[in-house]
Amino acid sequence: MKSLPILAPVIACLLIVLTYLLVQGAAPDAARHERALDALRTVILYNAALQRDVLRARTGLLRDYDPLVRSVGRLDEATRSLPIARDVAGGEAQADIDRRVAGVTAAVRDEEALVEAFKSDNALLQNSLNYFNYMSSRLATEGGGLRAVEIGVLTTAMSRFIGDPQPEAAKAVTAALDRLERPSVDTPSASDIGSLLSHARLIVARLPAVDDLVARLQAAPTSERARALQDVYLQAHGRVAARASLFQALLYAAALILVGYVAYLLARLRRNAQILRERLEFERLIASISSQFINLPRDRIRAEISEGLSRLVAQAGLDGAQIVVSRAGDTGPSGGYAYRRPGIDMPARSAKDMIELASRWTLKDHERQGCISVPRVGELPDGSEKARLGADRLRSWLCIPLWHTGERLGFLALDAVTHERHWADDDIALLRTAAEIFANAIARERSEREREALQARLNQSQRLEAIGTLAGGIAHEFNNILGAILGYSEMALAVLLKDSRARRYVQQIMKAGGRAQDVTEQILAFGRRRERQHRALRVEPVVAEAVDLLRASFPATLSVKTHLSAGDAAMMGDPTELQQVVMNLGTNAAQAMNNRGVLRIGLGTTDLAEARMLSHASLAPARYIRLCVSDDGSGMDQPTLERIFEPFFTTKPAGQGTGLGLSTAHGIIAVHGGAVDVRSRVGEGTTFEIYFPRIDRAAADVPDSEAEPAETPVEYGNGETILVVDDDRPLMQLAEEMLAALGYEPVGFDRTPAALKAFRAEPERFDLVLTDEVMPEMTGIELSGQLHRIRPDLPIVLMTGYGRPLRSRQLTAAGISEVIKKPLLSAAVAQCLARQLH
């Protein structure tokens, strides 16, 4: 198709040249040429006949003038046919011929006029001569004497004059006529003599004029002009004929060239047709390869890519093809996709070497359409590229990058070992299309694999969220029970004797309640319902402190090796929760090693330039703090690895684990915006890598640990009236007893409508309101809002057992001054009320 803009002007030029040669090579019309020559010959012939007949008429040999009339007619007809010969010349030659034709025509016209004059004069002359001869002979015979002599003298003089009409001869005839005209006695007949004299005088007068006409007719240039015209015409005709012969020869040569060019075009067309057929087959192959990936299951994509490579190699006449993928993990166990024709001996190439060669290609002269095209490896300049391709025994090489949505996935390399191969632009375009098909298939396989992984993680997250919601609800109810246990136990301790057995029993109850509260805290942390106080902190001191705690708790058979290199790296978080993550992971690792072996804990920083997929999450490009906990224990199989963060899931025997350690750690990591990557093999141990978002050190210039507040004495009330609202009646009663013991006057309600009605009746009666958060008829925040609108200056304290973060705007709008955590303990309640009232 690219040759059409060039071929069209060439064909047009050839047509113009052939037309010109055809026109110029046309010979003069042979019939016209013969008619012209016949006309010229006729002019010459009949001019000679005319001159002959004029002489015959002058001498009296013609009986009539019909020959003269015929000759004049033929001359006239011939001169009218002379202009048909004008197609043999052009320019000056044609003008010369036209002038000569005009000259011949004019000469013929002059001759016609002379002939007409000659016929008239000659008729009179011949009549007078005949009469003179007749009368002079008769008079000389009949007469005698002097007249006969005079007539004889006249006849002699007339004969001389007729033979040579000179002036002297005319004078002699005139003298003889004058003598004969004198009267004489022996005149035979005066009338005859008079007639003789009149005719003799007419002869004397007409004969010179007739001879002059004859001379002029004999001297007419018609024949000479006709011959000169004939010579010029034949010369022009010869030149035209020679020129026509030349152009005919050129036309013949052009025809031969055209025939050769047509033969070349036919061969070229056959070659192009063959190329088009091959290209059509190639396009069909690419379309077939493309269609085979439609709705193809993911597990068959790799096999179909290998099959497509084999078909591509066979169709393109190559010896091998290879696809390498840039991203780690996408190349599969074989290092990518490769195909070699049977019998082709080529050394194995690693994906890394090929990616490095293609990525660092420096020979810009061998780049076409964004691809690396090397038709002859031996002609490359000496360097690493030539050495590498030569080591692979390649003679020709084409490398096409695989692009998908602006991302380069890898490269498609096409190899020619047994022969050299030159790739046209159209071939490269088709091969790029094939590369796009393979890139789309690889991207699809990767996307579906990632989608399946994401779906699995989503399902796991949904399970965790559902379990977390259930666990949070259970923890809330358990917290209410613990509130009653711890509250009444605390009150019992206040009235029991110090050394009594009952006090020791109640103290054991408090310890057990504390352990139960820790379990509740873990459940709330897993369910993300506990209120957290995140701040900027340096990570290394926090982790170091947790490691010291681990060393202190481990037996001598288990050693801990650390590599803490985070320096001043900081993050936003809760130091207690971060230590809990280290403790939980360390404890889990120790149990996996049966408290024998080496536990390795590392801490450092890393910067990710691109997104990374982890076993249980994905990381965006950013700066991270990496915590690594590794053991050489029993390890885990894949099904176990997928469930390790499920709450209450454990591989330990019954009674040796709660299944909340890893799930709690996972919940803390998720709240801190982190991610977990777990690698494990059965019998080879397990490695946990935790990534936390890193912040600038300037934002973390705060103390690394907060000092524990010093114990303050319990402050008692002065009989202030406290409105207590809790839908759990036992807890409400417990709160009343606790407040009464602290010196306050409690007024308790287990239904919010009753509490609201009592407050509306006497709003100034109450000094503070202590209300639960979650209640069936009206939440504590809604009740607080109602009370705040009635009395804006009233202090309101909200009790919560969920521990989830509450919005400060919502609390402020409801008039809530402080939030206290359940289960309630006397010291915490006393400090809270003292802050609000005193």
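Of the GluC sites (Glu not before Pro) in the stretch 730-817, which ones lie in a loop per DSSP and count no more than 11 other C-beta atoms within 10 Å? Present the calculation step by step, with values, prior to reporting the outcome.
Values: sites: E736, E737, E764, E773, E777, E782; in loops: E764, E773, E777.
Passing both the DSSP loop test and the Cβ count: E764.
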Once fully extended, how much extra length lies between A740 and R298, figured as 0.36 nm per residue of separation less the alpha-carbon to alpha-carbon distance?
-> 152.1 nm
Name the long-range amide H neighbours of G410: under 5 Å, sequence gap of 5 or more, or other chain; modelled H, no Pro or chain starts.
-> S326, L402
Separation in nanometres of the label points that stand 7 Å from Cα toward Cβ, at R52 and T19 = 5.4
Among I11, T79, G343, which residue has its Cα positioned farthest towards the positive end of the charge dipole of the chain, with +1 placed on the Cβ of Lys and Arg, -1 on the Cβ of Asp and Glu, and the dipole taken about the Cα centre?
-> T79
List the extent of the Cα atoms of the chain along each of their three principal axes, largest first, rounded to whole Å.
-> 230, 80, 45
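Please label the shape of the stretch 289-447 as rounded, prolate or oblate, based on the square roots a ≥ b ≥ c of the eigenvalues of the alpha-carbon gyration tensor (a/c under 1.5 means rounded; beyond that, a/b larger than b/c means prolate, else oblate).
Prolate, because a/c is 1.5 or more and a/b exceeds b/c.
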With each pseudo-label sitting 7 Å past Cα toward Cβ, what's the Q369-S195 distance in nm, one decimal?
-> 12.2
For the cross-link pairs K511/K561; K511/K822; K498/K822; K352/K561, which exceed 25 Å when the distance is taken from alpha carbon to alpha carbon?
-> K511/K561; K498/K822; K352/K561
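Count charges around Q274 for me, please; just the other residues with Cβ under 11 Å from its Cβ, Lys/Arg as +1, Asp/Glu as -1.
On the way: positive: R268, R270, R271, R277, R279; negative: E278, E281.
With Lys, Arg at +1 and Asp, Glu at -1, the net is +3.
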Nearest-0.05 FRET efficiency for A620 and A429 at R0 = 41 Å, using Cβ-Cβ distance, is 0.65
Scattering from the C-alpha atoms of the stretch 121-218 alone, worked out with Debye: what is log10 I(q)/I(0) at q = 0.10, 0.12, 0.18, 0.20 1/Å?
-> -0.25, -0.36, -0.76, -0.91
When only C-alpha pairs under 8 Å and at least 6 residues apart count, what is the relative contact order of the chain, in percent?
-> 7
By Cβ neighbour count within 10 Å, fewest first, V543, V240 rank V240, V543
In nanometres, the difference between 0.36 nm per residue of separation and the alpha-carbon distance of E116 and D345 is 71.1 nm
Can you list the residues, at least 5 places off or on another chain, whose amide H is less than 5 Å from the amide H of M799, using H built in the peptide plane?
-> T771, D772, E773, I820
Relative contact order (%) - criterion: Cα under 8 Å, at least six apart; region: the stretch 289-447 = 25
Choose one of A254, H237, S306: the residue whose Cα lies farthest towards the positive end of the charge dipole of the stretch 210-307 (beta-carbon charges +1 Lys, Arg; -1 Asp, Glu; about the Cα centre).
-> S306
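About the Cα centre of the stretch 721-837, how large is the charge dipole given +1 on each Lys and Arg Cβ and -1 on each Asp and Glu Cβ? Please answer in debye to the nearest 20. The partial results should precede the final answer.
Details: 13 positive and 16 negative charges, 87 e Å.
In debye, rounded to 20, the stretch 721-837 gives about 420.
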Given only helices, namely DSSP H runs of n ≥ 4 each adding -39500 (n - 2.57), what is the per-residue ellipticity at 222 nm of the chain, to the nearest 500 deg cm²/dmol?
-> -20000 deg cm²/dmol
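Tell me which trypsin sites (Lys or Arg not before Pro) from the stretch 805-838 have a DSSP coil assignment and no more than 11 other beta carbons within 10 Å of their own.
On the way: sites: R807, R809, K821, R835; in loops: R807.
When the trypsin sites (Lys or Arg not before Pro) of the stretch 805-838 are filtered for loop state and at most 11 Cβ neighbours within 10 Å, R807 remain.
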Under 5 Å, built H, 5+ apart or other chain: amide partners of R681 | M636
Placing +1 at every Lys and Arg Cβ and -1 at every Asp and Glu Cβ, with all other atoms neutral, what dipole size does the chain have around its Cα centre, in debye to the nearest 20?
-> 2380
Inter-label distance for M613 and S447, nm, one decimal - labels placed 7 Å from Cα along Cα-to-Cβ = 1.4
Using alpha-carbon coordinates, inclination of helix 66-80 to the longest axis of the chain, degrees | 20
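If R₀ is 30 angstrom, what is the calculated FRET efficiency for the pair R32 and Y252, using the beta carbon separation as r and rounding to 0.05?
Details: r = 25 Å, r/R0 = 0.82.
With a Förster radius of 30 Å, E is 0.75.
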K511 to Q455: FRET efficiency via 1/(1 + (r/R0)^6), r the Cβ-Cβ distance, R0 60 Å, to the nearest 0.05?
-> 0.85
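Values quoted throughout were computed directly from the atomic coordinates according to the rules given, and no laboratory measurement underlies them. Treat the numbers as computed from the prediction; the structure is a model and nothing was measured. As a convention, Cβ positions derive from the backbone with ideal geometry for all residues, glycine included, and neighbour counts pool all protein chains shown.
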